[in-house]
């Protein structure tokens, strides 16, 4: 690498951190006209502990004070009235492939609309043969706190290449009542099979299916964007994703935020407004974040390309984004409307908000191995530490100007080739 390119790359990295010679930088001119955000000063309060590799937590939207914690080895734990039940809500560890590390396992749970009257839910897991399975499970009759492992009804199975990463794994019901499924590109370095841009593959996609119509195993909604496009799988809602480990809908607006894990240089937050008819292409493996990847220079974005709304470079920022959630609780007004997301490797947590233009702010450096964010039914926001098995509630404290660090959104130009995939758990 030429010396001047090294200097430019270093300077851009320092700009992204907002630090040069220990001096905090003001917002760049492009964002000077944006309103000043009264950012929250985040604090983490330990909530529950003792979980084994927690990777997802959510509620059932059924009016009960319960949280469901997904453990990667195949167990879902139940927290009710701030007490962790000793008996698992669901235990399917014998049919889940999880070797003790990596990105496979039981990865998420989702509860359908009107769950209280239905008594069944959906999970996403890696089977023993390495393929990815979405299935429905029913409760044990008369016991709302325990599911029947024998009640499994397969919904969608798709083959996964012979790699142990990029399984995706997020399930969520959208405001439209359809089930969304985030899938990884199949793993390996650089999407070697080209799945993310392949319209005939379910890998590297956000899928949208109707599992509540009564038709077995599911229907493809007629409003999906590619149902009438030759060569495209009708289940596809969006494509061009590397590994959308965690995504979430804003419960107030219906907007969708996706944390998509990068390759070796950049992590990104993708955004889909509630008004979107679907069909966005988020760029992988042509682009990584806002950088050209394939080819490394002069790439042409794909049709229907939707660029990320936030990007951060690897290094002190971390190496693997964990998508979060928009806070809609009542306890912390300054958190209201802010999308919180983090990095698995560094433990940093950012806030992102569209206030006439996207503004991004580093809010807390936790040192945790952040595997997931989650909400309870009251809108309280939590974060899980994969390594320690501790859940923390995210709260806001009074802020002082000296605590604020401005992080501008910086578009980097690629100066070095992409790094090879490391052996870390990079989702």
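The values are calculated or read from the model by the stated rules, or taken from the named source; none is laboratory data. None of these values were measured; they are calculated from a predicted model. Note that each Cβ is placed from the backbone with ideal geometry, even for glycine, and that neighbours are counted across all protein chains shown.
In region 144-160, how many are over 22 Å from residue 81 (Cα atoms) and touching a residue at least 40 places away in the same chain (Cβ under 8 Å)? Matching residues across region 144-160 total 8.
Among the strands (runs of 3 or more DSSP E) confined to region 57-143, the ones with at least 2 residues that are over 20 Å from residue 322 (Cα atoms), touching a strand residue (DSSP E or B) at 6+ places or on another chain (Cβ under 9 Å) and free of Cβ contacts under 8 Å to residues at least 40 places away in the same chain are located at 75-80, 132-138.
Looking only at region 277-297, residues that are in contact with a strand residue (DSSP E or B) (Cβ under 8 Å, 6 or more places away or on another chain) and outside any strand (DSSP E or B) come to 10 in all.
Within region 153-173, the set of residues being exposed (fewer than 15 other Cβ atoms within 10 Å of the Cβ), part of a loop (DSSP other than H, G, I, E, B) and in contact with a strand residue (DSSP E or B) (Cβ under 9 Å, 6 or more places away or on another chain) comprises just one member, 159.
Looking at region 177-215 only, could you name the residues that are touching a strand residue (DSSP E or B) at 6+ places or on another chain (Cβ under 9 Å), free of Cβ contacts under 8 Å to residues at least 24 places away in the same chain and more than 20 Å from residue 131 (Cβ to Cβ)? Answer for region 177-215, where residues must be touching a strand residue (DSSP E or B) at 6+ places or on another chain (Cβ under 9 Å), free of Cβ contacts under 8 Å to residues at least 24 places away in the same chain and more than 20 Å from residue 131 (Cβ to Cβ): just 213. Selection of region 197-211 for residues being farther than 23 Å from residue 110 by Cβ and surrounded by 17 or more Cβ atoms within 10 Å (Cβ to Cβ) yields 197, 198.
Pick from region 338-367 the residues that are in contact (Cβ under 8 Å) with a residue 60 or more places away in the chain and part of a loop (DSSP other than H, G, I, E, B): which of them is farthest from residue 307 (Cα to Cα)? Applying the filter and picking the extreme gives 366.
Flag set for residue 409, criterion: at pLDDT below 95, within 20 Å of residue 259 (Cα to Cα), in contact with a helix residue (DSSP H, G or I) (Cβ under 9 Å, 6 or more places away or on another chain) and crowded, with 19+ Cβ neighbours inside 10 Å.
Tell me yes or no: at least one residue of region 353-363 is touching a helix residue (DSSP H, G or I) at 6+ places or on another chain (Cβ under 8 Å), surrounded by fewer than 20 Cβ atoms within 10 Å (Cβ to Cβ) and more than 18 Å from residue 56 (Cα to Cα). Scanning region 353-363 turns up at least one residue that is touching a helix residue (DSSP H, G or I) at 6+ places or on another chain (Cβ under 8 Å), surrounded by fewer than 20 Cβ atoms within 10 Å (Cβ to Cβ) and more than 18 Å from residue 56 (Cα to Cα). On the stretch given as region 174-194, residues that are surrounded by 24 or more Cβ atoms within 10 Å (Cβ to Cβ), part of a loop (DSSP other than H, G, I, E, B) and within 16 Å of the chain's Cα centre (by Cα) total 3. Residue-level check: of (1) farther than 18 Å from residue 385 by Cβ; (2) modelled with pLDDT under 95; (3) in a loop (DSSP other than H, G, I, E, B), residue 9 misses just (3). Quick check on this structure: which one of 298, 283 is surrounded by fewer than 19 Cβ atoms within 10 Å (Cβ to Cβ), on the phi > 0 side of the Ramachandran plot and modelled with pLDDT of 95 or more? Every option except 298 fails the conditions.
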